[in-house]
Every structure is written in structure tokens, then in C-alpha cells.
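The values are calculated or read from the model by the stated rules, or taken from the named source; none is laboratory data. Fair warning: this is a prediction, and the values are worked out from it, not measured in the lab. Here the Cβ positions follow ideal geometry from the backbone for every residue, glycine too, while neighbour counts run over all protein chains shown.
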Amino acid sequence: MSRQLPMVAAINEALHLAMAADPNVIVLGEDVAGGGGRQDQGITEAWGGIMGATRGLIARFGPERVRDTPISEMGFLGAAVGAAVTGLRPVAELMFIDFIGVALDPLLNQAAKLRYMFGGKARVPLTVRTSVGAGLRSAAQHSQSLYNLTTAIPGLKTVIPSNPRDAKGLLLAAIRDDDPVVFCEPKSLMFASGEVPEGDYTVPLGTAAIARPGRDVSLVAFGAMVGVALDAAAALAADGIDAEVLDLRALQPLDERAILDTLAKTGRLVVVDEAPPRCGIASDVAALCADAGFDSLNGPIRRVTAPHAPVPFSAVLEDAYRPSAERVAAVARELLG
Amino acid sequence: MSRQLPMVAAINEALHLAMAADPNVIVLGEDVAGGGGRQDQGITEAWGGIMGATRGLIARFGPERVRDTPISEMGFLGAAVGAAVTGLRPVAELMFIDFIGVALDPLLNQAAKLRYMFGGKARVPLTVRTSVGAGLRSAAQHSQSLYNLTTAIPGLKTVIPSNPRDAKGLLLAAIRDDDPVVFCEPKSLMFASGEVPEGDYTVPLGTAAIARPGRDVSLVAFGAMVGVALDAAAALAADGIDAEVLDLRALQPLDERAILDTLAKTGRLVVVDEAPPRCGIASDVAALCADAGFDSLNGPIRRVTAPHAPVPFSAVLEDAYRPSAERVAAVARELLG
Amino acid sequence: MALSTETLMEHYRRMRRIRAFEEKLAELVGAGRLAGFLHLYAGEEAVAVGVCAHLEDRDYLASTHRGHGHCIAKGVDVRGMMAELFGRATGICKGKGGSMHIADLDKGMLGANGIVGAGVPLAAGAALTAQVKRTGGVAVAMFGDGASNQGQFHEALNLAAVWKLPAVFVVENNGYGEATPMEFVTPVRDIAVRAAAYGIPGVIADGMDFFDVYAKAGEAVARARRGDGPTLLECKTYRYFGHYVGDNLSYRTREELARWQERDPLVAFERRTVADGVMEPGNLRRIDAEVAAEIEAAVAAAEAAPLPSPDDLLADVYASAGGPR
Amino acid sequence: MALSTETLMEHYRRMRRIRAFEEKLAELVGAGRLAGFLHLYAGEEAVAVGVCAHLEDRDYLASTHRGHGHCIAKGVDVRGMMAELFGRATGICKGKGGSMHIADLDKGMLGANGIVGAGVPLAAGAALTAQVKRTGGVAVAMFGDGASNQGQFHEALNLAAVWKLPAVFVVENNGYGEATPMEFVTPVRDIAVRAAAYGIPGVIADGMDFFDVYAKAGEAVARARRGDGPTLLECKTYRYFGHYVGDNLSYRTREELARWQERDPLVAFERRTVADGVMEPGNLRRIDAEVAAEIEAAVAAAEAAPLPSPDDLLADVYASAGGPR
Ligand SMILES: Cc1ncc(C[n+]2csc(CCOP(=O)(O)OP(=O)(O)O)c2C)c(N)n1
Ligand SMILES: Cc1ncc(C[n+]2csc(CCOP(=O)(O)OP(=O)(O)O)c2C)c(N)n1
Ligand SMILES: [Mg+2]
Ligand SMILES: [Mg+2]
């Protein structure tokens, strides 16, 4: 039977492969070793990241290439940009995307723009791994889905896997890409297992995947919402509604063709995003379809998102905050009914 | 004849009125006095802000309430948040919205969330004045239109005037609002004159205005793009096309009713935004209309925006980068043809 | 000035309340009765209580992710705190904030904060309000050794120094930022030396000794109240539990923990006050018992309290809706 | 070690090139022949040239909004720079960058930067590359007194110090941030004292004296190359023009400018080298003339050069498009 791994292990495997294949790849971030490398005290390895995604890297590749950073996101991301334009291929960890509040400039005004501002004379092969999404009872500052901020910035690429197999392939592609890529890890999926091929493979950046083929309505989702959409599709199937689920996998470059293709096939669109509604991916997908896909539309385009509010702590509130399969299915039914 | 003032003077007038009316209003930012208040050296007033928007404030209200800050956007915006929740009503200046890269956390994780996280037991009456938009040959780091980043954040309000009259009324409303408001000043309009009523008045936050009534097509715009849309409407009128121009004035709260009303009236929509296309206001307006406004649509929804690229320096490139009346008119014609 | 027995008992009560509160939380999580990220303050009690001993309700305190101790020391009601951790409608933040966002502005508690370093400028801002409105109040920021490597620390201290704000910046140096030892990420041994960058006093206190913290914080707060500007006060301390409840502690040794526990702040407080004859063990045990009962009652009340209604999801995002509706 | 006449002539030539370049720009803007925000370096020549005298092409320099002098000192071609300022296709950034983004990675110029403080971590990153790849190179960040109040300054210096990166951080203290005098926003007189916060050497040089900058920068660069870590080098200097071309200068007095101009770095360099008998006024005048002609030629070439084509608008946003197409 095929090999099953949790997403965090798939990510860890990709990091091992990337570092082994290219000496220019370095990993830096808070606690990526976690105070490891203290042979004297017998502490060769401590945390390997709060989720364990970087486990084993310092023991194998050493403290020169695997660095615990100070709690200085702006400083070490800025340094990662400087390292990237001068010959390294850094993989930096921004522990939670919420911390972009103290780390935005190196992404917004440096990594995203150096190549363009310099007339094409720079490459910025930087990967920023970060965790996104709610569901862990971590409240407003540790549960955000801010990939819309990075997607909005020309010069950056943003990807987000929905399963361990894609996580490994997208991360390897991101690390080897010559542009800055923000790799979003859905917190709520990190310990969910799925099939992961052995060895080295990449998933091209900017290609969506059909997670479930269907004819009646298109559910466009990404990250943790793909599972929600699939559950909704299963519920709809019970009522004889055949939903197609499209997994975007990359938010920039956006696979517009795949989106327009599924719309052309079903004529009905529901976009699911766990981020709040304003200036987000759901609006972009809807706007694309209301323009280039207008002639395919058999009805209004619905967006199922979080409300325009911070993420609340209390479980009852947080559960009401996140899009659910029930809500998605209800919206799809109403579109068809 | 009615009083004509440039937008910068209207803003200055609003600041004088707000500070005179409420001792809790303070103004802080880089060069807001500009080293003024040195009676000894006879330098009572220096710059009053790089554009002069804060001129005369230190001479009238003194250095306690008008403060030149260090070049520490994160620090003084964070302090402004702390001051706002403890009883002051700060008006902080973020010289260019591009600098949000080093100033995001106080807005994203503090100002926007404190009230909600604290169960409603806090007020954050903070106003952040900042300049937006291209056209001044200032290149990629001084020409951005990042109001989509602040609009995306639940808990913040974002407004942007298209003329001096609204600038004065919106700023007074923003300062007196008990929520954090990002007040965007379109650089290219700062020295353009328009009618400005005397005395104290406010423009409610979240109300759009019809800048030009019309029947055939709706041009939705804001800030500097309102003028572009009006020029396009004039060109269209020459071909017998009667365009309506809606000036959003506030990006959050968004006047959804006004947007749906103009769509219902014309059935055709072109949204104009000088920001790049991803995760922006144009997508939100299009998504709203493709959902709640679907039945009113007589054709696809077009967005005229900047390309997905940084702002280039060279005049020929920057002019090609910004939406023009010609492009807007061409898109509208094609919708009707 | 010597502290009265009554005052000393109140300080001991607060330290014990913090210790009991944190140990109870560890127990509740272990028993699966409580969820969420919890960063416990046990071991650092002398810092929060020694500093807050000089503060009134009009004075503000900006806290961190490790905020329970700061809240209790500043006088926040433990029942409201416990209910908040249980995500109840009766929580001090109505269940919307949780451990990392407990706040009580009436008590001058500006909030725990999930963003390392973010509380430092917030405190500078509260001090700015005190200065402009001449309230006579001061503002304190408490934060960790790791936070002192954040840009916000630098910018806020510079701002407070140049404006001579009535503020005190307290570094709780417990030697670690999550799993990473300080020497991996900080090139100086004493954070206090960073005061030189702002031309303000940098003071080091023994964070395990209530009386040392009390004395040095007293000077810093008095200096701020006098209008002489901010102080950077470093308290050397240690956290008994891991970074958060559930931490495997793979990065530190048992011996290290034991060494610090020998200097436990509550035990040291008791030894000294009893030796000085200003306290009787009996009184202290009575306080221990009262506090234990108080915490038990808080847990019982929290578990019995109603959950928030999903209808409250959109409440309090804004003070005024705005818009045409 | 004493510098040869040839070397001295080359250093003088670079200082003169900077001065002539900047004075020409002021003239062009005044005549309405040039647009854009221009921050001129005139007056600070000894700093850029004194530091870059120790750098090779493999060494990196991260600059600021006031970057023309840094670029010229690091060996960037003035024709490419001038064409860039005129927004031409032949500009060093193909007209896309302009004054605040001139860069030439082949010369080790990491770019001017429009974000105050942003160059500091970029330099730390270039130093990290040198350390990991063992290139033997060093990285220098040049920035202003105002930039030293940015969080990025603090975070980058801390990182460079704890990792012992081969970096040199050069503060160009010209006493102002835009219109605001340093004492309004910075509580210390010498930025060099901030080195103590990172346990690295803090050195002060006379930024108007090429030889003082040259000597102290030499030690700092050597220290970095040896692997002994970074240095914070503060150079006291002054900008002759306003913050940008067009600045009304309402915030400073004529007398202040005059006082600094008495210590003009080019004049001082000439006085000393001629007095020492290592230079002849005639040679210096010949250099002046050659540089003037060089700048004139650069302007003529720029004005004659083609503008970019609007078709290039979307070129170079990404190195690889990605996506299905
Ligand atoms: C800006 C930011 N970066 C990283 C984190 C993750 N984080 C939470 S606590 C912590 C360690 C903080 O160390 P220190 O400041 O010494 O406080 P301590 O936990 O030791 O009390 C980190 C890295 C965060 N919450 N915010
Ligand atoms: C983050 C940021 N804040 C503010 C500005 C606007 N600004 C440009 S230059 C400048 C002054 C910089 O002063 P200093 O660092 O001393 O350099 P100098 O201009 O004196 O050479 C300011 C405030 C900016 N470009 N970036
Ligand atoms: Mg610590
Ligand atoms: Mg300066």
C-alpha cells in the first residue's frame, strides 16, 4: 500500500531533499533547530521547528546551514533577501503568517521589487515558509489567513497545498524557483496524513488540480478549504448534485484557465476561502469569472468566506467563524434550486 | 464665487479645526513640524509635513501636541495605538503608504483587533494619514496604492477622497470616529484645487457619491481615478454614451447599496482602480455585483487597473502603467458596442 | 521604607495566586479539561508582583503572550481570567481573546499580546497619554529577553527616551525564547546594556528575589513619575514550565531547572520575611489555602458558565458601524 | 601604510566625480531638464570614497535614498547612472529604477533603497552569503543617523553580531532626517554608542576627512575579513544641498552650512596632500577637468538615448512566469 505521511513529514522530507541536492539552500528561522547543535550538552537537536517541520536538518547539515534566528522577523527576512540576491537559496520560516506585521517590508519593498527595479538584473530565489489558518483555538493573532496580502504584491508568488503530496512537490518547486515564493502551510492540515510519493518530484507553481470531477456546480477552494469543499460535494452527491472541486494550489500565479474551464463545464460557481471577504482570493476568482467567464455563468457567483471580523478564541465562536461543509453545500443547493 | 483650495490646504484646515475643537487630538509623524518650535534659533515652524499638510499646527498648538517623530513607523504607530486606547485621539502620519512595510503590526494586530479581542472593552480612535498613488515619478517604493491591504483587515476603516471638499469632511469624520481609520491622500491630487466650504463639517464614513449621473454604463472609481472616470465619461458623452460615475469615498465600510443601485440603473459596470489587479477593491466591487447584483448585469464586469507589476520610474512607463481616461472609455465603449 | 506585614501579605498573596493559577492550568490541560496555547508564568512571580507593587489602577501595563502573572499582579480578577481561558461568555474578554489577549483597561492592564515586542510601543503610547494629559500616571512594558531583539523594542525605547515619557521597560530575562537559548540569538549577556543606546538608565535585578525587584522597580517608577524619563530594568529569572503547556523541554536539562528552583521566589520570600520576624508561617499557609480555594472556585464557576452565542460573532469588530445602513 | 600618488589621485577623482555629478543634477533640475526625487550626496564624499577604498567588486554595499555617491564610490558607471536618472532604456536599471534604486550587482552595489533602514539587513544577508560560501568578501551598509532609529537597524546589527558576519555598518551622521534635527528624535549624540547593545566595536570618524574615514574603515573591513565580526562606524558629516532638490531649507541656517563647508572634504584632501608633497595642484585641476567633461558627456548621452518602450512594462516582474501557460 502507498506510503502515508502527515503534511509536516512531507514538508520535512522536501527540506531534506532540497538541502542535500543544493549546497546553496540554507534554512533559517526561529527555533528551526531550537537550540540544537550543543554537542557538549548532548543537545544535538531540540525542537526542529514548533511543528517539527525542520527536524533532523541541523544534525545532518550543520549549524552553518540551519540557523536559529533571533525573534527579528524583519531582520532575518531582510537578510534572507540579501542572501538570495547574492547567491544563496534561503528557506526562511515565518512561524505564523500573522507575524507579517513585523516582517512585511523585506517582502513588499525588497524581495518583490528588486528584480524589476534593477531592470531584470537580479534574481531573488527566496522561499518563505509560513503557517496559515484557524481552527487551533489560537485567537486573533495566531489564526489569520493573510495570503491575500502576499498575493496582492506583484513580484511575489504564493502557494498553498491541500494535502501532503502537493506540500512536498510544491515546496521543492518553490525552493528551486528563482522568484520569491511564500509557501503557506495550513495549520489544521499539518498532522493529517495522505499519500506521499518517495523521492524527488515537483508540482509546478501555478497549476490548479481537479480534486473531484463533477458536472453541476464548481466549488473552487484551496488549502484547508479543499477538504471542506470535498465534504460538501459528498453531501451534495447524496442529493444527486454532482459538484466539481477545484484545488487552486497556487494563488499567484493563478491558474485562470483551470478556473474558467470548470466554470464553462458547470456554469455555476461557489468560491470557498477561510479568510475574511475583503480584498481576497474569493473576490479575485469571482471577478475573473464575472469578466472572462461571464458567458458561462448560469447564475450568481457565491463566495463562502469567514466574516469581516478577527478570529475569535472561544471554540463555539471559532467554529461558527470558519466556512463549513454544511454552509458550502447549502449555498450550492440554493444556486441549483 | 465659492472658495477654492488645493486638497492639501483642505486637509490642513481640517487638522486645525480638529485640534482646536478637542484637546485630546494630537498630531505625530516624521517632519509634521519639521524641526519647528526652536524659538531660540527663530525656527518656530519648518516644513509642516513634506507637502505642508500640517503647517501652522506647532505654532498654534505647541510641541506637546504636534510631534516630530523618529523614523520609527512601527514604534510611533504602536505608541499612537497605545495612546488611543488610553484617552488620546492621535492623528499619525505615515508619510507614504509604501512604508506600511515597516508599520503594519500596529495596524494589523493591534489597532484593528484590540476592541474585538478585549470583548468590546476598548476604543481605538486613531487616524492614520498617508499618501497613495503614482504619477510623481517616484518609482516602485513611493508610488504604491496599498489601501487594499488596510481594507482587507477587519477592524480598520479606510477612506480616500477624490476632491478637497471631501478630503476636509472625511478627515474630520475620521478623527472623530472611535475606530481606527486609514485616511488615504492621493498624491497626484494634493495640489489640485476645488471648492471647500468654510467651517466645520463631516462626510460620513462609508457613503459613496455620484460624481456624474448617467444611464448607460456605471464607472465605479475612487481617489485619483474619479477624475480619470469623469474624463472618460466626457469622452463617452461625445459618442452619445451617458456614463454614471460613482465615487466610493470609503473602501471600508463599503457603500454596497450605492454600488448595486448604479448597477441596477445602467446594467453595465467598469471598475477603475490604479492599484494592481490582485486582491483589490476592483475585485471586491466586481464580486459583489456578480453575486448580489447578478440579475442587473447586462454584460461582463470589466476592471481597469494597473498591471500586476511594481510602479516603474521612467515617465513613459509610469504613464502606461496608470489607468487612463482613454482606456476606461475604450472598455466602456466595447461593453456597449 | 520597610513594608508593613499587611502589605507583605498582599504581595505574597499575589505571588501565590499566580503560582496556584498556573499550576492549576497545567493540571487542567493535563486532564484534558482545558485547551488552547498556554504560556505559564510560574517561577517569575517576583518580577510581576515586585514591579506592580508600585503601580495604581491609573498606571498602565502592557504584557506579553506570558501574561497571566502580569494580569494577576495588576489586579485583574482571576474569575474573569479563568472564564476567559475556558472560552466562556463570562470571560473578561467575553471569550473572544483567550490566554494571549486578556485585558482589563479599568485595572490599567493593556492586554497580554500574541506578538512578541508589540506591547512595548503600546506602553510608550500609554505613557504619552499620561504625559499629554498630565494624569500623573506611568506606563510599564514587560517583555522577554527574546523580545529585546525585536525592532519594536528599539523604536519604542528610542521614542520614550527622546520624549522623556513616564515609562518603565522591564525585561524578564528567563534565558530562552521558546526552545532557543539566549546566547544563540543575543550577543550580549545583559539586556540592560542596551539602555546605553537610548541614554537612559539600565538596571539589573535578581528576578527571583521580590525585594530586589521591588527596590529597583521602585526607583524606576519614581523616576518616571518625576518626569525624568524611562528606565530599562532587566530581571534575571526562569520559567518553571516549558514555553507552553505541552512543550517537550528537549532543549534544557533537569539540573538547570533544579538550580533555579532552589531560589524559588515564594520560598525565598517566606524565608526572609519569617527570619525577619515580619511574617508567620501560619499566616502564609492560611493565604495558600485561601488562594487555592479561590482558584478552585474560579474553575468551578468557569466550567459552569455559559458559552458565548454564535450570534455574538460579529459584535465589537467596530465601535460604530459606519456606512449608509 | 602610505598611499601612492596614483591611488590618491583615484580617490580624489571619485570624490570629485561625486561632487560634479551631484552639482550637475541640481543644475539640470533647476533648468527643468530633469525630474524626479533627487537626494544629493555633496558634502559627504569622504565617507563613501574612504570606505569603498577598501572594497573590491566581490564585496557588497547596500545603500540608501541618498545613493549616488555610494554608487560612484563603488565603481558604478556614471553614464548608466545618468541615463537611469533620465529614465532612458540605456539606464543601468533600464529606466525602471530611477535615483532611489540604482544598482549594479556586478560591481557589488546592492542598490540604493527608498525605504530608510532597509539596506541594513540586505547587507547582513550579503555578509551571510560570504560567510556560508566562504567567498572572503565583506558587506557594508551605509545609512543615515535617522535610519539608526529604525527597527531594521537594530535587528540587522543584532543578527550580524550574534552570527559574527563579515559586515561593516556605516552611519552617515549628517545631523538631520529630512527637515528634523537629530536631537529632536535621537536621545544620544553619538550613534556609535549603540554598538554596545550588540557587543561590537563602535567607532567615530570625521566624515569630512578622507584620511580619518579611510583609516577607521580600513580597520573595520579588515576585522570583518578576518572573521572577527561587524563594526559600527559613525562618520560625522553634512549634506550641502537640502534633503532633496527643491527643499526650501527652512529648518537650518546659512551659517551652519558655511561652518561645514569650511571643512569641505575635497578642499581638505587637496590641502593635506599638496602640503605633504604627494600631489600637485596641476594634477588635481586636470582631474577636475576630466571629470567635468565625463559628466557632460554622460548628460549628453543620456539626453540622446532612447526612452523605454511601453511594451517593456511587464518585463522582469518575475524570473519565471510560472502558471500553466
Ligand atoms: C513577532 C513574533 N515572533 C514570534 C512569535 C512566536 N513566539 C511566541 S513567544 C516566543 C518567544 C519569546 O521569548 P521571550 O521574549 O524571551 O519571552 P518568554 O517566552 O521567554 O517569556 C516566540 C518566538 C511571536 N508570537 N511573535
Ligand atoms: C521607512 C521610511 N520612512 C520614512 C521615509 C521618508 N524619508 C526618506 S529619507 C528620510 C530621512 C532619512 O534620514 P537619514 O537616515 O539621516 O538619512 P539622510 O537623508 O540624512 O542622508 C525620510 C524620513 C522613508 N523613505 N522610509
Ligand atoms: Mg525569554
Ligand atoms: Mg541624516
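For the stretch D:115-125, residues that are more than 16 Å from ligand 4 (Cβ to nearest atom), touching a residue at least 40 places away in the same chain (Cβ under 8 Å) and more than 15 Å from D:Gly229 (Cβ to Cβ) total 1. Across the stretch B:318-334, the qualifying residues are those that are more than 24 Å from the chain's Cα centre (by Cα) and of a type outside the set (Gly, Ala, Ser), and the one among them that is farthest from the other protein chains (Cβ to nearest Cβ) is B:Arg333. Scanning the stretch C:77-85 for any residue that is closer than 17 Å to C:Leu38 by Cβ and in a loop (DSSP other than H, G, I, E, B) turns up nothing.
Do we find that D:Ala319 is free of Cβ contacts under 8 Å to residues at least 12 places away in the same chain, in contact with a helix residue (DSSP H, G or I) (Cβ under 9 Å, 6 or more places away or on another chain) and at negative phi in this structure? Yes; evaluated as a whole, the condition is true for this residue.
Looking only at the stretch D:86-107, residues that are facing chain B (nearest Cβ under 9 Å) and either under 15 Å from D:Gly36 (Cβ atoms) or of a type in the set (S, T, N, Q) (or both) come to 12 in all. Can you say whether A:Ile43 is surrounded by fewer than 24 Cβ atoms within 10 Å (Cβ to Cβ), more than 16 Å from ligand 2 (Cβ to nearest atom) and under 30 Å from C:Thr64 (Cα atoms), as far as the supplied structure shows? Here the answer is yes, as A:Ile43 does meet what is asked. Scanning the stretch D:157-166 for residues that are within 16 Å of ligand 1 (Cβ to nearest atom) and either in a loop (DSSP other than H, G, I, E, B) or among the aliphatic types (A, V, I, L, M) (or both) yields a count of 2. Of the residues making up the stretch C:111-125, those that are more than 13 Å from C:Phe169 (Cβ to Cβ) and within 7 Å of chain B (Cβ to nearest Cβ) are C:Gly111, C:Ile115, C:Ala118, C:Gly125.
Looking only at the stretch B:238-255, residues that are hydrophobic (A, V, I, L, M, F, W, C) and within 15 Å of B:Thr266 (Cα to Cα) come to 4 in all.
Could you list all residues from the stretch C:222-244 that are of a type in the set (A, V, I, L, M) and surrounded by fewer than 21 Cβ atoms within 10 Å (Cβ to Cβ)? Result: C:Ala222, single match. Among residues of the stretch D:235-288 being more than 19 Å from D:Glu23 (Cβ to Cβ) and under 21 Å from the mean Cα position of the chain (by Cα), the one that is farthest from ligand 1 (Cβ to nearest atom) is D:Lys236. Of all the residues in the stretch D:126-176, those that are aliphatic (A, V, I, L, M), within 16 Å of ligand 4 (Cβ to nearest atom) and either within 13 Å of chain C (Cβ to nearest Cβ) or over 18 Å from C:His154 (Cβ atoms) (or both) number 4. Within the option set C:Ala35, C:Ala89, being at pLDDT below 95 and either more than 24 Å from C:Ala304 (Cβ to Cβ) or in a loop (DSSP other than H, G, I, E, B) (or both) holds for one residue only, C:Ala35.
Among the residues of the stretch D:113-138, the one identified as polar (S, T, N, Q), surrounded by fewer than 24 Cβ atoms within 10 Å (Cβ to Cβ) and not in a loop (DSSP other than H, G, I, E, B) is D:Gln131. Taking into account only those residues within the stretch C:177-197 that are more than 7 Å from every other protein chain (Cβ to nearest Cβ) and aliphatic (A, V, I, L, M), which is nearest to ligand 1 (Cβ to nearest atom)? Taking the candidates together, the pick is C:Met182. When you scan the stretch D:197-217, do you find a residue that is within 14 Å of ligand 4 (Cβ to nearest atom), assigned to a helix (DSSP H, G or I) and aromatic (Phe, Trp, Tyr), even just one? No: zero hits.
When A:Pro125, A:Pro204, A:Pro154 are screened for being within 15 Å of the chain's Cα centre (by Cα) and assigned to a loop (DSSP other than H, G, I, E, B), only A:Pro204 passes. Among the residues of this structure, C:Thr129 does not count as one that is within 14 Å of ligand 1 (Cβ to nearest atom) and either at pLDDT 95 or above or within 18 Å of C:Glu44 (Cα to Cα) (or both).
Residue check: B:Arg60 meets all listed conditions (1) surrounded by fewer than 24 Cβ atoms within 10 Å (Cβ to Cβ); (2) within 8 Å of another protein chain (Cβ to nearest Cβ); (3) not hydroxyl-bearing (Ser, Thr, Tyr) but one, namely (2).
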